[in-house]
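For reference, the structure is listed below as structure tokens.
The values are calculated or read from the model by the stated rules, or taken from the named source; none is laboratory data. Please read these numbers as outputs of a predicted model, since none were measured by experiment. Don't worry about glycine lacking a Cβ; one is built from the backbone with ideal geometry, like all the others, and counts go over all protein chains shown. In case anyone asks, the SASA skips ligands and DNA or RNA and just uses the protein heavy atoms, side chains included. Shrake-Rupley method; radii C 1.70, N 1.55, O 1.52, S 1.80 Å.
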Amino acid sequence: MASFIISDLHLDESRPDITRGFFDFLQGPAANADALYILGDFFEVWIGDDDDAPLPREVAHHLKAYSDRGPRVYFMHGNRDFLLGEEYAHRCGAELLPDPSVIELAGQPVLLMHGDSLCTLDQEYMAFRQQARNPMWQQALLAKPLEERRQIATQIRAVSKSMNSRKAEDIMDVTPDEVIKAMAEHGVHTLIHGHTHRPARHALSVNGEAAERIVLGDWGSQGWCIRADESGMELIQWPLRAPI
């Protein structure tokens, strides 16, 4: 059986076509999967597992029905949904997966990451990431009322969008030396990540041996996934249904 890897859907109430595309994906390409790995930024924003908005409930309903049919589902945190917790994962019939994680795909060890930790040239973002992943900071944020958290999330997104518009493209991409370092530390020759929204397959060398970095695309007018089975790994794109 095949495993599927996706990332950067950025599910949001303002983009129902992406949510519908994801549900189509569960019923279509990934219907008979052995496992589904979601490598972060599944949601555009996550303000806590107690969010009572309709979208998280709908997504949990579909994922639980999917996992109940047999596929294992794994969530990895991204820079948008780093507050997603065990409670919501349980509602989806999913497990939280540490970033980074090494799993076996296509008969080989593969390093899975969201990818934001590899963008070390973006010092402003790295400083925010360090703060946002601090358990005490997260606890203080989650202790605030839901409506206040929604307002804070809106402010953070606005600031992030403004900052990114002024940054050079290479600063927001992964740092090549950091990629090599991560792969060498984990003893792998294949790395899969998202975050950068730059889908591609990159050949490289790790400790003098051939290696590959596979980057997932974000979901917009088309979906992206990696299909992995005993024959290998394939980076796939397909058009989503047009918005109604």
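Miscellaneous remarks
- For region 54-134, relative contact order (Cα pairs under 8 Å, six or more residues apart, normalised by length) works out to 25 percent.
- Peptides 198-210, 228-240 ordered by packing proxy, namely the average of other Cβ atoms within 10 Å per residue, highest first: 228-240, 198-210.
- Virtual spin-label span in nm between GLU178 and THR154, 7 Å along Cα→Cβ: 3.1
- A simple charge model with +1 on the Cβ of Lys and Arg, -1 on the Cβ of Asp and Glu and nothing else charged puts the dipole of the chain at about 380 debye relative to its Cα centre.
- Over region 96-244, relative contact order from alpha-carbon pairs under 8 Å, at least 6 apart, %: 23
- Dipole in debye (nearest 20) - region 66-209, about Cα centre, beta carbon charges: Lys, Arg +1; Asp, Glu -1: 520
- Taking a Cβ cut-off of under 13 Å around HIS10, the surrounding Lys, Arg, Asp and Glu residues balance to a net charge of -4, with basic ones at +1 and acidic ones at -1.
- Prolate/oblate/rounded label for region 51-175 (Cα gyration tensor, a/c 1.5): oblate
- Cα shape, region 66-135, gyration tensor, a/c 1.5 rule: oblate
- Using a cutoff of 8 angstrom between alpha carbon atoms and counting only pairs six or more residues apart, the relative contact order for region 85-125 works out to 24 percent.
- Summed over qualifying helices (DSSP H, 4 residues or more, each -39500 (n - 2.57)) and divided by its residue number, the chain shows a 222 nm mean residue ellipticity of -10000 deg cm²/dmol.
- Percent accessible area from carbon and sulfur atoms, the chain, protein chains only, probe 1.4 Å: 52
- In order through region 86-94: 3J(HN,Hα) via Karplus (6.51 cos²θ - 1.76 cosθ + 1.60), integer Hz, x for Gly, Pro: 4, 4, 5, 4, 5, 4, 8, x, 10
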